[in-house]
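Data block below; observations after.
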């Protein structure tokens, strides 16, 4: 009896050690580490504000101030007075329209420009000059061109996101390895076959790098643009809160903006991985 | 003799790469290769010798600078599925599964097949290379060996006419490599596909190939040797390894590759100072010293910066040769076989390396028989044989030097009629200008010598010309400029200037309108010291043979420039090498291709030729034949030599190459 007990114990301990080991390997470790990091961050924040180094509400204060806002994301009041969820959704809608346009036109243009050396040399200087223009600098032009707030905001998203998409697509097309081109030449692939079997799959990773940068920039730009344009949207919500000195609301909105930005980036990356099979 | 049209002909391909800075790098030079249908040919050479470049040219990825590739009667201008390449790095599309990779090729190359037929074809090919189990895997999930199998499957699936393999197994471990080699062999044997494979693996080449093409080390790589492998097909590794000639062939390949490794390339000489002082070149008083005389008298030397060139009239050929070897002369007119014979060691003498970069003249010799012989009805070599058999005499013939073209051609002419030149007749060495006296005195019954001595014998009535060297071997090399390899390396710029000046002088000499003027120059006391009329015969006027028959003037009786005459071709020297060995004048070198390359600096000629904007490579021709039509194939000179009926015992040995033979780079 005693003998079988000891065997049982051994089994348990073996299983336990294995379990612990797996725990160390798994993302759970990351989760724990991340949580500890976040907790430390909040603690330092709390401490710094309690001591009075920064004139900001402490984390606990923020939560108690904005509890209503947090638990009712889809609250509907009158006019601009809607829950944070609605604010975010309307910003996302603008980004979705602007970014989709940028993606379609950017990828198309990039493929055409990347395939022709002459065209590339003709267009490259323009790209290099327009690319570093900050998103908000486009806003006045955009307002002047569109004469309306809504299309102007969408245009800013579009013009901000399109450069990295075009440039990365161009690079992708130019960087198609000579090996693949040689295979295509050897098989005398038709234009259509080359496009779908070589050009598109070979450029997918580059295109998605461009799309990830593009979506990040769009989300950066929308907040700033909405602050200036007004209406429903997370940007204007922040601006409005500032005008009403509701610092806690600003902080909550910032956290939302950050989380949504993260989700957008990861979703684009995820789609990109789905579309490049065989990639290890 | 009907020639079978080769399936693939690589026709005198040159590949030059323009480098930044305006310099050009000659990767391939004058590559000529014919491949028959169903053959498996390996291209073997050191890395960087341009073998992959050659394969790319055949594949159509690259257009050669010169020459072209013809396959099944059509020129290759672009890649196509009839010439599938198996790349060293596999080049599979990573976003496609094994099946899709092969299917894409089948779809593109065989659009006429139905979907089901295509599917069947892909499956069958995957089965053939044992890949059915991996059909839905992505390349990144496969080992190197598996990936190469996919690449082979992709290539075979479209049933190409030629399979081009670029070091296909280079990146694999030994075990996988062996396995894939056998699979490839089986598949190729089953399908009868023509294959061209680039490899640096000697055993791989031996196992798989019908012929192994050994390339020399670049720059200016060309075909050094071609080995034909005797292993029967279908073959397997065991039979090949146990074949009696396997190790001989393997050694031959290894020693060739080692010889090539020894080729080093001289340092840039841009900085070497241009030496002051004169240049002394030796010549013998013969019509074919014309290019040297013309270059001096008409200022071609001066044009290329060689201000002070002295021409030294030699007492004998021996004196000129020792003059060059000792350094007293910078260079000298020599018989075409002389630099080679000196390098190999003539008649048991020590090897004294000499080299040449330009052929000064071609043809110009004749065989003259005494009038007595002629009157007894001896008109040809066959008559001579009958005469010898009848009378039992052992006639004497005059030659001017054992390593002369005249000696080799006279011996060839006699032997072709069944006369053994050492037993049935006696050959004596005499100075050329004494020949006529000896003929007159009856000491000799004939001679083979250059002009004007044949014409003098005819004019004085002692002899009759029975044949000329143009009739024995049209366009044979006659005189070359022999120099020491050390001198070429020490003063490459002067050597280059010399070659350029002489090429131009040769061109001048081959313009018939200039020849009277040249004849006037030649008959001056310091040169030939003779009557102009003697020079005219054959040079500007028809050659009188003394048999009373009127003949037309033959401009090529003396040939200096036309048909790329100055180019020191390697094929012709190889033939000369066989003849020197045939009569035991020199040993036959085991490392013959290396020696030929060392003695005939076609690369230095090419350099000069390119600066003069004239063709820089050996004229076309894979084999040569003399008047009797016996073909000489350069791939196996020993077999040619062993097949001739009359010859002395062969002395085959390794000849230490001169280490100074190397390509100076002109700055």
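The Kirkwood radius of the range A:65-133, taken over pairs of alpha-carbon atoms, gives through the Stokes-Einstein law at 37 °C and 0.692 mPa s a diffusion coefficient of 211 µm² s⁻¹. Ordered by the number of other Cβ atoms lying within 10 Å of each residue's own Cβ, fewest first, B:137, B:217, A:30 fall into the sequence A:30, B:137, B:217.
Across the residues of B:124-136, average count of Cβ atoms on other protein chains within 10 Å? Each step should come with its number before you reach the end.
Numbers: counts 0, 0, 0, 0, 0, 0, 0, 0, 0, 0, 0, 0, 0.
Going residue by residue through B:124-136 and averaging, the value is 0.
Relative protection proxy for B:320-332, B:588-600, B:342-354, A:41-53, from highest mean packing down: B:588-600, B:320-332, B:342-354, A:41-53 (other beta-carbon atoms within 10 angstrom). Mean separation of Cα pairs under 8 Å and 6 or more residues apart, divided by the residue count, gives chain B a relative contact order of 14 percent.
When peptides A:182-194, B:77-89 are ranked by their average number of other Cβ atoms within 10 Å per residue, the highest-first order is B:77-89, A:182-194. A Gaussian network model of chain A, with springs between Cα atoms under 10 Å, assigns the largest mean-square fluctuation among A:261, A:214, A:98 to A:261. Based on the Kirkwood approach, the hydrodynamic radius assigned to the range A:50-167 is 17.6 Å, with every pair of different Cα atoms included. Helix B:98-109 and the longest principal axis of the Cα set of chain B meet at an angle near 60°. Inter-chain neighbour count for B:52-65: the average number of beta-carbon atoms from partner chains within 10 Å of each residue's beta-carbon is 1. At a Förster radius of 60 Å, what calculated FRET efficiency corresponds to the Cβ-Cβ distance of residue A:263 and residue B:113, to the nearest 0.05? According to the calculation, E is roughly 0.80.
Mind pulling up the Rg/Rh value for the range B:8-262? Radius of gyration and Kirkwood radius, both on Cα. Could the numbers behind the result be given before it?
Details: Rg = 18.4 Å, Rh = 18.9 Å.
When Rh is taken as the Kirkwood radius, the ratio is 0.97.
For the peptides B:224-237, B:467-480, residues were scored by their other Cβ atoms within 10 Å and the scores averaged per peptide; the highest-first order is B:467-480, B:224-237. For chain B, the longest principal axis of the Cα atoms and the long axis of helix B:115-128 meet at an angle of about 70 degrees. Remark on the range A:67-275: hydrodynamic radius 18.7 angstrom, per the Kirkwood mean of 1/r across alpha carbon pairs. Calculated FRET efficiency, residue B:490 to residue A:195, Cβ-Cβ distance, R0 = 45 Å: about 0.15 to the nearest 0.05. Return the inverse of the average 1/r over all pairs of distinct C-alpha atoms in the range B:423-564, which is the Kirkwood hydrodynamic radius, in Å to one decimal. Averaging 1/r across every pair of different Cα atoms and inverting gives 17.2 Å. Relative contact order of the range B:8-262, taken over Cα pairs closer than 8 Å and 6 or more residues apart, is 26 percent.
Taking each DSSP H run with n ≥ 4 as -39500 (n - 2.57) and averaging over every residue of chain A yields -27500 deg cm²/dmol at 222 nm.
Antiparallel beta bridges, as assigned by DSSP with both residues in the range B:8-262, represent about 50 percent of the total such bridges.
With a ≥ b ≥ c the root eigenvalues of the C-alpha gyration tensor of the range B:485-598, is it rounded (a/c under 1.5), prolate (a/b larger than b/c) or oblate? Please list the in-between numbers first.
Numbers: a/c = 2.32, a/b = 1.46, b/c = 1.59.
In terms of gyration-tensor shape, oblate.
Listed from fewest to most Cβ neighbours within 10 Å, the set B:195, B:530 follows the order B:530, B:195. At the listed q of 0.11, 0.15 Å⁻¹, the Debye profile of the range B:365-472, built from one uniform point per Cα, gives log10 I(q)/I(0) equal to -0.27, -0.52. The alpha-carbon positions of the protein assembly as shown define a convex hull whose volume is 303 Å³ per residue.
The orientation-averaged shadow of the Cα convex hull for chain B, equal to a quarter of the hull surface, comes to 32.6 nm².
Counting helices only, and only those DSSP H runs with n ≥ 4, report the 222 nm mean residue ellipticity of chain B as the sum of -39,500 (n - 2.57) divided by its residues, in deg cm²/dmol to the nearest 500.
Details: 26 runs with 250 residues, N = 667.
For chain B, the value works out to -11000 deg cm²/dmol.
Counting, for every residue in B:87-98, the Cβ atoms of other protein chains within 10 Å of its Cβ and taking the mean gives 5. Helix B:144-157 sits at what angle to the longest principal axis of chain B, using alpha carbons and giving 0 to 90 degrees rounded to 10? That helix lies at roughly 80 degrees to the long axis.
We did not get these values from a lab; they are worked out from the coordinates using the rules stated. Bear in mind that the values here come from a model prediction, so they are computed numbers and not experimental data. Neighbour counts are summed over all protein chains in view; Cβ atoms, including those assigned to glycine, are modelled from backbone coordinates with ideal geometry.
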